[in-house]
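Student: So that we are looking at the same thing, I have put the structure below in structure tokens.
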Amino acid sequence: MYFPSHFKKHKAVELSTPYLNGQDIGVLRDMPYGFRTVGDVGCGPIALYNAMRYKGLEPDMSKIMRYCELTAAPLGAAFGTFPFSMGYLLRHFGVKNKMTLSYKKLVAAESCVIAYWTKRPIFGGGHFVFCVRQEDGTHLVYNRWSNVSEARICKDMREVVKKHCLIVGYILK
């Protein structure tokens, strides 16, 4: 769905940090995304933005949001970004990736975008995060919690997502 007024609103927002965290605080909270806001359902575009930044690209949040609204947010983003569209979105913005449903491959990945169920599958809602595996085996997770403005270090992948809650992952190349 196309929301012409959103692009101008997104352009006016200044992002003060290189990586985005805390979708429900600060300037991100009230940015429109479909019929909702980034604070409610904007974790997909945030994960995409962070993946682009990690790969050395210059992400433009207004363009990311517009493209996500047009191609990957069905029903006016009522339920956020469609999880199986993230690979296409990443490729569109210049990030090579490989989709996986393998938990083991995500654990071993240097960097990835993960979509998972937050509580019970389907009824508990989903969430996207961007993860970077550190040299010591821990994972630096961006936008892990919607109300925390810093990336979170998780000691292992189970702390990020439980196996039975994984929807899909995208390993960055």
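The values are calculated or read from the model by the stated rules, or taken from the named source; none is laboratory data. These numbers were taken from a predicted model, which means no experiment stands behind them. Positions of Cβ are generated from backbone atoms using ideal geometry, with glycine treated the same way; all protein chains shown enter the neighbour counts.
Student: Please state which of the following conditions Ile122 fails to meet, knowing it meets all the rest: (1) exposed (fewer than 14 other Cβ atoms within 10 Å of the Cβ); (2) over 24 Å from Met1 (Cα atoms); (3) modelled with pLDDT under 95.
Tutor: If we test Ile122 against (1) exposed (fewer than 14 other Cβ atoms within 10 Å of the Cβ); (2) over 24 Å from Met1 (Cα atoms); (3) modelled with pLDDT under 95, just (2) comes out false.
Student: If you don't mind, there's one more thing I want to ask. I'm trying to understand the selection: among the residues of segment 73-105, which are modelled with pLDDT under 95 and aliphatic (A, V, I, L, M)?
Tutor: Across segment 73-105, the qualifying residues are Ala73, Leu75, Ala77, Ala78.
Student: Can I ask one more? For Thr71, state whether it is of a type in the set (Ser, Thr, Tyr), buried (at least 17 other Cβ atoms within 10 Å of the Cβ) and without any contact (Cβ under 8 Å) to a residue 24 or more places away in the chain.
Tutor: On the way: of a type in the set (Ser, Thr, Tyr): yes; buried (at least 17 other Cβ atoms within 10 Å of the Cβ): no; without any contact (Cβ under 8 Å) to a residue 24 or more places away in the chain: yes.
For Thr71, the condition - of a type in the set (Ser, Thr, Tyr), buried (at least 17 other Cβ atoms within 10 Å of the Cβ) and without any contact (Cβ under 8 Å) to a residue 24 or more places away in the chain - is not met.
Student: I need the full set of residues from segment 123-151 which are touching a Lys or Arg at 6+ places or on another chain (Cβ under 8 Å), free of Cβ contacts under 8 Å to residues at least 60 places away in the same chain and not in a loop (DSSP other than H, G, I, E, B), in order please.
Tutor: If the condition is that a residue be touching a Lys or Arg at 6+ places or on another chain (Cβ under 8 Å), free of Cβ contacts under 8 Å to residues at least 60 places away in the same chain and not in a loop (DSSP other than H, G, I, E, B), then His139, Leu140, Val141 are the ones that fit.
Student: Further question: Based on what the data block shows, is Ala77 crowded, with 17+ Cβ neighbours inside 10 Å, touching a residue at least 40 places away in the same chain (Cβ under 8 Å) and touching a helix residue (DSSP H, G or I) at 6+ places or on another chain (Cβ under 8 Å)? Walk me through how you get there before you give the answer.
Tutor: Working: crowded, with 17+ Cβ neighbours inside 10 Å: yes; touching a residue at least 40 places away in the same chain (Cβ under 8 Å): yes; touching a helix residue (DSSP H, G or I) at 6+ places or on another chain (Cβ under 8 Å): yes.
Criteria met by Ala77.
Student: Answer yes or no as to whether Leu89 is surrounded by 24 or more Cβ atoms within 10 Å (Cβ to Cβ), touching a Cys at 6+ places or on another chain (Cβ under 8 Å), of a type in the set (A, V, I, L, M, F, W, C) and farther than 20 Å from Val160 by Cβ.
Tutor: On the way: surrounded by 24 or more Cβ atoms within 10 Å (Cβ to Cβ): yes; touching a Cys at 6+ places or on another chain (Cβ under 8 Å): yes; of a type in the set (A, V, I, L, M, F, W, C): yes; farther than 20 Å from Val160 by Cβ: yes.
For Leu89, the condition - surrounded by 24 or more Cβ atoms within 10 Å (Cβ to Cβ), touching a Cys at 6+ places or on another chain (Cβ under 8 Å), of a type in the set (A, V, I, L, M, F, W, C) and farther than 20 Å from Val160 by Cβ - is met.
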